[in-house]
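The values are calculated or read from the model by the stated rules, or taken from the named source; none is laboratory data. Keep in mind that what you see is a predicted model, and the values were worked out from it rather than measured. To get the accessible areas, we keep the full protein, side chains included, count just its heavy atoms, and leave off ligands, DNA and RNA. Shrake-Rupley method; radii C 1.70, N 1.55, O 1.52, S 1.80 Å.
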Amino acid sequence: MYISQLERIRKKLEKIKIMDPERNLFGAENHQYEMAPVWTLDKIKAFEREWKIELPEAYQAFLLVIGSGGTGPYYGLEKPENGVYLVMDYEDELNAISEPFPHVESWNWDVDWYDDSKEEDEWAALEHDYYDPKWSAGMLRISDFGCGVSLNLIVKGSSYGEIWTDDRANSNGIYPDHYMGNTERLGFLDWYELWLDRSINELNEQE
């Protein structure tokens, strides 16, 4: 089903690595154009059973054919087993990945985060609830944008299969990803190939 797109992606990955030997593209110094080993179907099914989810078919196809992390948008693709944690780089709190994602439209609180009238304990309680895993349930983190912002694949709920941004670190809430200029909502393979196309264009402009 995804054979032709995966072949295009494979060729573009080979091209981008050759085009950027100095690792000048944003995030390339981190992922080094290296890809973690592919997964087997058995490993995918074991992961799904463990977390009580079903990975979107396009993402499964990528895991089976291209790799399970590494080369990708921003600071690279996260491995699925790392993407289940709530906070990047801290394996101490799990996201509520097994619960349905609660949003179909952009979500944020109408809060003045610079309101000096609130006491410190009020702010602490507010922030604790704002970062509650219930708001990011059903999200598998797939990429680190930097500055506390993450890109996520929805693996459960009405927005299943879409890429969403968690921008709560900058008080901007959670919303469908449009960072690469796309107006429509994207699934994993289209999102990944768009990054490749934009990156290749950027490198061409640098020549």
Residues whose placed amide H lies under 5 Å from that of Leu77, excluding near-sequence neighbours: Gly70, Thr71, Gly72
Fraction of antiparallel bridges per DSSP, the stretch 62-207 only, in percent to nearest 5: 95
Spatial separation of Cα centroids for the stretch 163-207 and the stretch 9-63, in angstrom: 16
Length-normalised contact order of the stretch 70-207 in % [C-alpha pairs under 8 Å, at least 6 apart]: 25
Probe 1.4 Å, accessible area per residue of the chain, Å²: 53
Shape metrics for the stretch 8-71, restricted to C-alpha atoms - Rg then Dmax, Å: 14.0, 42
Using θ = phi - 60° and Karplus 6.51 cos²θ - 1.76 cosθ + 1.60, couplings along the stretch 62-68 (whole Hz; Gly, Pro as x): 5, 4, 6, 10, 9, x, 10
Proximal lysines relative to Lys52, as straight alpha-carbon distance under 23 Å, when same-chain residues fewer than 8 apart are discounted: Lys43, Lys79, Lys134, Lys156
Correct option for semi-axes √(5λ) of the Cα gyration tensor in Å [calculated from the coordinates] among (i) 35, 17, 16; (ii) 27, 22, 15; (iii) 30, 21, 15: (iii)
Helix axis angle, 188-206 relative to the chain longest principal axis, alpha carbon, degrees: 70
Rounded, prolate or oblate (a/c below 1.5 giving rounded, otherwise prolate when a/b exceeds b/c) for the stretch 97-207 by Cα gyration tensor: oblate
0 to 90° range, to nearest 10: angle between helix 41-51 axis and the chain longest Cα axis: 0
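Once you have a ≥ b ≥ c as the square roots of the Cα gyration tensor eigenvalues for the stretch 134-197, tell me rounded if a/c is under 1.5, and otherwise prolate or oblate according to whether a/b is larger than b/c.
Working: a/c = 1.75, a/b = 1.18, b/c = 1.48.
Here the stretch 134-197 falls in the oblate category.
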